[in-house]
Amino acid sequence: MNILLKSAKIVCPENKELHLKKRDILIKKGVIEKIGVSVETPASIKVIDKENLHVSLGWFDSSVSFGEPGLEERETIANGLYTAGKSGFTDIVLNPNTNPVPDTSSDVVFLKERGHGMATKIYPLGTLTKNANGVELAELFDMKNAGAVAFYDFKKQVSNPNLLKIALLYAQNFDGLVYSFPQDGNIKGNGVAHEGEMSTKLGLKGIPALSEELQIARDLFILEYTGGKMHIPTLSSAGSVKLIAEAKKKGLDITCSVAVHNLLFSDESLNEFDSHFKVSPPLRTKSDSKALIKGLKNGTIDFVTSDHIPMDIEHKRVEFDNAKSGSLGLESAFGGLNTIFDLEETISFLTKGRSRYQIEAPKIKEGSKACLTLFNPDKEYTFETKDILSTSKNSMFLGSTLKGKVYGIINNDQSTL
C-alpha cells in the first residue's frame with residue numbers, strides 16, 4: 001500500500017517537532033518513508049488531499065462489542081472492524097460479549113484469526129470465569145498465551161469477593177489484568193435508570209450510585225490486600241471518581257475508563273422513554289457528568305471508550321423496562337468528544353490506553369509503521385442513521401450535533417480511506 005498524504009496537519013503532542021505542523025507524509029508498504037514540507041509525488045501512488053486534513057496517531061478503544069460468534073445479527077467481526085476503521089480506530093479491545101463467551105484459549109485464537117489482515121487490529125478479552133457465570137476461574141494463563149489482553153465477565157459484577165482475591169493473586173504470576181465491573185447487583189436489583197429525581201418522575205425503577213461505589217470500594221480493598229493489576233470499566237458517578245483518586249494516591253495498580261455517552265448525556269435524556277438511552281451503567285446526573293469530565297482531564301480516569309454495543313432492533317423497540325442495555329458508540333465517539341474538549345485533549349484521550357494492555361504505542365516518524373487516523377476536526381453535522389455503518393442502529397447519538405468527521409485510517413498496511 002503506497003499513499004501520499006498532502007498538507008496534513010499533524011496532531012501529535014508526543015512529537016514536538018511535528019505537532020500542529022502541516023506536512024506531506026509518504027507511506028510505502030505500510031511504513032512512513034518520508035515526512036516533509038513538500039514531498040515529490042512518486043509515480044503510481046495514491047494521493048490523499050482532503051479538506052482540512054488532519055492526522056494523528058491511530059486511535060485506541062478499550063471497550064468494543066460486536067456479536068460474532070453467536071450473535072452475528074447484531075454485528076459480525078468483519079463489518080465491526082470496518083466500522084471501527086472508518087470511525088478512526090486502528091486498535092480495539094474486543095469485549096467477551098458473544099454466545100458462547102470466549103473462556104478458552106481456542107476461543108481467543110478464533111477471534112484473533114477472524115480479525116487477521118484487517119486495517120483495525122483486534123485484541124480480545126477472555127472471560128474471568130467459565131461461561132462468565134462467576135463461579136470458577138476460566139483458563140486465564142492459557143488465554144493470555146493465546147492473545148487475551150485481560151479478563152472480564154462482561155457487564156457482570158464479581159459477586160464472590162474470594163474469587164476476585166484469588167484471580168488477582170493468580171494473575172500476578174503472568175502479569176495478567178483483571179477487570180471488575182462496578183455494579184453491585186443486589187443493590188441494583190431490577191433497576192433500569194439512575195435512582196434520582198428523573199426516575200421518580202418517570203416511574204422507573206432506580207439504580208443508585210451506591211451500587212457502583214460500594215462495589216468499587218470493596219474491589220479496591222481487595223486489590224490493596226492482594227496486589228496485582230485491576231481495571232474498572234465505564235465509571236458513571238462522581239463518588240466513583242473520588243474512590244479511584246484515593247486508590248491511586250495509595251499507589252494501587254488501578255486504571256479505569258469512562259464511556260463517551262456518560263460524559264455527554266444525563267438521565268434527563270430519558271424523558272421520552274427512548275430505549276436507545278438505556279445503558280449499563282446508567283446515565284446519571286449532570287453533576288456526575290461534570291465530575292467525570294474533570295476526572296478525565298486531571299488523569300484520575302485513565303482513558304475514554306465508546307463502549308460500543310450493537311443491539312438488534314427486537315431488543316430495543318420494546319418498553320424501556322424490557323429493553324436491553326447498550327448503545328453504538330464507534331461512529332460518534334470523535335464527534336462527541338470534540339464538542340466538549342479542545343482538539344488536543346480529544347486526540348490525547350483517543351490515543352491513550354495501549355500500554356495498559358501491553359500493546360506497542362505507534363509513532364509518527366520516518367521508518368515507523370504507519371498507524372494513523374485522518375480527520376477533519378471542524379466539520380459540524382447532525383448525526384443521522386446514514387452515518388451509522390454498524391449492522392445494528394441503536395445509537396443514542398441520533399439527532400445530536402457532532403463536531404469532527406473521520407476520513408479513515410492507515411494501519412497494518414491497509415487503509416479505509
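Applying the criterion of at least 2 residues that are within 23 Å of PHE66 (Cβ to Cβ) and in contact with a strand residue (DSSP E or B) (Cβ under 9 Å, 6 or more places away or on another chain) to the helices (runs of 4 or more DSSP H) found wholly in region 125-233 leaves 140-146. The C-beta contact set for region 131-145 (first residue within 18 Å of GLY185 (Cβ to Cβ), second residue β-branched (Val, Ile, Thr), distance under 6 angstrom, 6+ apart or interchain) comprises ALA132/VAL101.
Scanning region 173-201 for residues that are within 25 Å of the chain's Cα centre (by Cα) and either of a type in the set (Asp, Glu) or loosely packed, with under 15 Cβ neighbours inside 10 Å (or both) returns PHE174, ASP175, ASP184, GLY185. For beta carbons closer than 6 Å, sequence separation of 6+ or different chains, a first residue in region 348-365 that is within 15 Å of LEU94 (Cα to Cα) and a second that is open to solvent by 50 Å² or more (accessible area, probe 1.4 Å), the qualifying pairs are ARG354/ALA361. Picking from residues in region 97-111 that are more than 18 Å from the chain's Cα centre (by Cα) and of a type outside the set (Val, Ile, Thr), the one that is least open to solvent (accessible area, probe 1.4 Å) is PRO102. Scan region 11-22 and give yes if some residue there is touching a strand residue (DSSP E or B) at 6+ places or on another chain (Cβ under 7 Å), farther than 18 Å from THR351 by Cα and not hydroxyl-bearing (Ser, Thr, Tyr), otherwise no. Yes, region 11-22 contains at least one residue that is touching a strand residue (DSSP E or B) at 6+ places or on another chain (Cβ under 7 Å), farther than 18 Å from THR351 by Cα and not hydroxyl-bearing (Ser, Thr, Tyr). Filtered by the rule that a residue be open to solvent by 10 Å² or more (accessible area, probe 1.4 Å) and either touching a residue at least 60 places away in the same chain (Cβ under 8 Å) or under 24 Å from the mean Cα position of the chain (by Cα) (or both), region 215-234 gives ALA217, LEU220, ILE222, TYR225, THR226, GLY228, LYS229. If I ask for residues that are over 13 Å from the mean Cα position of the chain (by Cα) and acidic (Asp, Glu), which ones from region 328-367 would you list? Within region 328-367, ASP342, GLU344, GLU345, GLU360, GLU366 qualify. For region 117-134, a residue qualifies if it is under 20 Å from the mean Cα position of the chain (by Cα) and surrounded by fewer than 20 Cβ atoms within 10 Å (Cβ to Cβ), and exactly one does: MET118.
For the condition basic (Lys, Arg) and in contact (Cβ under 8 Å) with a residue 40 or more places away in the chain, what is the one hit in LYS286, LYS250, LYS278?
Every option except LYS278 fails the conditions.
Residues in region 290-319 that are open to solvent by 10 Å² or more (accessible area, probe 1.4 Å) and in a helix (DSSP H, G or I): LYS290, ALA291, ILE293, LYS294, LYS297, ILE313, GLU314, HIS315. Filtering LEU337, LEU417 for residues that are out of contact with any Lys or Arg (no Cβ under 6 Å at 6 or more places or on another chain), open to solvent by 10 Å² or more (accessible area, probe 1.4 Å) and touching a residue at least 40 places away in the same chain (Cβ under 8 Å) leaves a single hit, LEU417. The sole residue among SER280, SER240, SER269, SER211 that is farther than 21 Å from ASN95 by Cα, within 23 Å of the chain's Cα centre (by Cα), open to solvent by 10 Å² or more (accessible area, probe 1.4 Å) and among the hydroxyl-bearing types (Ser, Thr, Tyr) is SER269.
The rows are residues; the columns are (1) under 28 Å from ILE301 (Cα atoms); (2) crowded, with 18+ Cβ neighbours inside 10 Å.
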| position | (1), (2) |
| --- | --- |
| PHE341 | yes, yes |
| GLU344 | yes, no |
| LEU350 | yes, yes |
| ILE359 | yes, no |
| SER368 | no, no |
| LEU374 | yes, yes |
| THR382 | no, no |
| THR385 | no, no |
| GLY408 | yes, yes |
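Taken over region 226-284, the criterion of being under 28 Å from PHE320 (Cα atoms) and among the charged types (D, E, K, R) is satisfied by ASP267, GLU268, GLU272, ASP274, LYS278, ARG284.
Is it the case, given these coordinates, that LEU137 is open to solvent by 10 Å² or more (accessible area, probe 1.4 Å) and within 17 Å of GLY176 (Cα to Cα)? Considered against the rule, which asks whether it is open to solvent by 10 Å² or more (accessible area, probe 1.4 Å) and within 17 Å of GLY176 (Cα to Cα), LEU137 comes out as yes. Look at THR346 and say whether it is more than 30 Å from LEU270 (Cα to Cα) and either part of a strand (DSSP E or B) or modelled with pLDDT of 95 or more (or both). No; evaluated as a whole, the condition is false for this residue.
The values are calculated or read from the model by the stated rules, or taken from the named source; none is laboratory data. Keep in mind the model is a prediction, meaning the values are calculated, not measured. Don't worry about glycine lacking a Cβ; one is built from the backbone with ideal geometry, like all the others, and counts go over all protein chains shown. Ligands, DNA and RNA are excluded from the accessible area calculation, which covers all protein heavy atoms including side chains. Shrake-Rupley method; radii C 1.70, N 1.55, O 1.52, S 1.80 Å.
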